[in-house]
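This report refers to the structure that appears directly beneath it.
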Amino acid sequence: MKKVVTMGEIMLRLSAPGQQKIQQTQAFDVVYGGGEANVAIGLSQLGLKTSFVSKLPDHALGYSANQQLNRYGVDTEQMLFGGERIGIYYLEKGYSIRPSKVIYDRSGSSFATSKTDEYDLEAAFQDADWFHISGITPALNEEIFQLTKQSLAVAKRMGLTTSCDLNYRSSLWTFENARKKMTELMQDVDVCIGVEPLQLLDAEGNEIKDRLPAKPGPDDYKEIMQEMHRKFALKYIAMTFRNQLSVNHHQLKALLSDGSGFYQSPETDVEIVDRVGTGDAFSTGLVYSLVNGYEPQRAVDFATACFALKHTIEGDAGLMSLAEVEQYMENRNSFSIRR
């Protein structure tokens, strides 16, 4: 069985029930989530061995988050405990024409204040096949950026395939700094999800992605993906597209490049229960399909199926079994009760 390691911050998510606004709710629904943790849980549900590397506070909230990972089959042998607190985010779900809102309270968390030399990276990657990160982790601060950079280098040296979901967060760093820093990490990345924030300069020093039209589609990104393959020697590049008909009604599709061809998934129309973690579900499906040797077209179709199905599941993580994803792919327009 293939093994995937992810590293990042798992956070406490406090959601106003239903579509209540934060200022009107009298209680919060509690789950745990975070980009790389969501991928580890999702891959475990699909049947892979997974391990999550992070640091949590040495108290009940830290233990609860760790137990949540274990509940879904994620190994936490490399989890560190210490520091002051767990990061928190508050979610207010939108509806129809009212967008969702997120408020972060993560400064000074145990993971964000951890040090590179606390982690035994070689032990973390022992017997693993794949290492996945997101662009959220290196954005936390310079120490965690260096931890991410070193982790990618060690994973590559030990023969793992590496992937990165670029996943820009404007609340963590500026777009210009993110472009510079994420470009620096690409030297040890094999599979890139997204195209921003990266620097792709033409001969005159101008950013070629800044020439994209106001509403770019898959064809507009093909030249950019080719340049990314050339500059960073990436094996695969993928990205998702979403047409938002309302806050809770979207049309989804994705594009995958292997350097020699482009593969696009069919468009999926979906009504949304919970949008949080949907990009992580796409990463989950892509990593699962590529680590198992799927052909590119089936890989992007599988990843898009995971992406779409997560919109219908409450909470951060995509809790889909392999059978459920494959059943959806084979019977996209069948909505009968499964008995």
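So if I place +1 on the C-beta of Lys and Arg and -1 on the C-beta of Asp and Glu, and nothing else carries charge, what would the dipole magnitude of segment 11-154 be about its Cα centre? I want it in debye, nearest 20.
Computed charge dipole of segment 11-154: roughly 860 debye.
Please state, as a whole number in µm²/s, the translational diffusion coefficient that the Stokes-Einstein equation yields for the chain at 20 °C and 1.002 mPa s, with Rh defined as the Kirkwood radius across alpha carbon pairs.
My calculation gives 105 µm²/s for D.
So what is the diffusion coefficient of segment 125-247 in µm² per second by Stokes-Einstein at 20 °C and 1.002 mPa s, using a Kirkwood Rh over Cα pairs?
D, rounded to a whole number, is 140 µm²/s.
Taking H placed 1.01 Å from N in the peptide plane, check which residues at least 5 places from residue 162 or on another chain put their amide H under 5 Å from its amide H.
Excluding prolines and chain starts, which carry no amide H, the hits are 131, 190, 191.
How high is the FRET efficiency between residue 212 and residue 297 when r is their beta carbon distance and R₀ equals 22 Å, given to the nearest 0.05?
0.30
In what order do 103, 10 fall by count of nearby beta-carbon atoms within 10 Å, going from fewest to most?
Listed from fewest to most nearby Cβ atoms, that is 103, 10.
Just to be sure I understand the model, the point goes 7 Å from the Cα along the line to the Cβ. What's the resulting residue 175 to residue 21 distance in nm?
Taking the two extended label points, one gets 2.9 nm.
Rounded to the nearest 20 Debye, what is the dipole magnitude of segment 87-194 about its Cα centre when Lys and Arg each give +1 and Asp and Glu each give -1 at the C-beta?
Dipole magnitude for segment 87-194 comes out near 620 debye.
Where does the Debye-calculated log10 I(q)/I(0) of segment 61-198 sit at q = 0.16, 0.22 Å⁻¹, using only Cα point scatterers of equal weight, no solvent?
Those come out to -1.00, -1.49, one per q.
Hey, got the dipole for segment 3-330? About the Cα centre, +1 on K and R Cβ, -1 on D and E Cβ, debye to the nearest 20?
Dipole magnitude for segment 3-330 comes out near 540 debye.
Based only on other Cβ atoms within 10 Å, what is the fewest-to-most ordering of 183, 304?
In increasing order of surrounding Cβ atoms, one gets 183, 304.
What is the order of 237, 313, 272, 41, fewest Cβ neighbours within 10 Å to most?
By the 10 Å Cβ count, ascending, the order reads 313, 272, 237, 41.
Would you mind calculating the relative contact order of segment 3-330 from Cα pairs under 8 angstrom and at least 6 residues apart, reporting the percent as a whole number?
Reported relative contact order: 16 percent.
Modelling each spin label as a point 7 Å along the Cα-to-Cβ direction, I'd like the residue 324/residue 84 distance in nm, to one decimal.
3.9 nm
Give the separation of the Cα centroids, segment 270-298 to segment 50-99, in Å.
Centre-to-centre distance over Cα atoms comes out at 21 Å.
With a cut-off of 8 Å between alpha carbons and a minimum separation of six or more residues, what is the relative contact order of segment 162-207 in percent?
Reported as a whole number, the value is 49 percent.
Let me know the Rg and Dmax you get for segment 178-273 when you use only its Cα atoms, in Å.
Every Cα atom of segment 178-273 included, Rg and Dmax give 14.5, 46 Å.
Laboratory data are not the source of any read-out in this text; all were calculated from the coordinates shown. Not measured: the values here are computed from a predicted model. Positions of Cβ are backbone-derived with ideal geometry, glycine not excepted, and every protein chain shown enters the neighbour counts.
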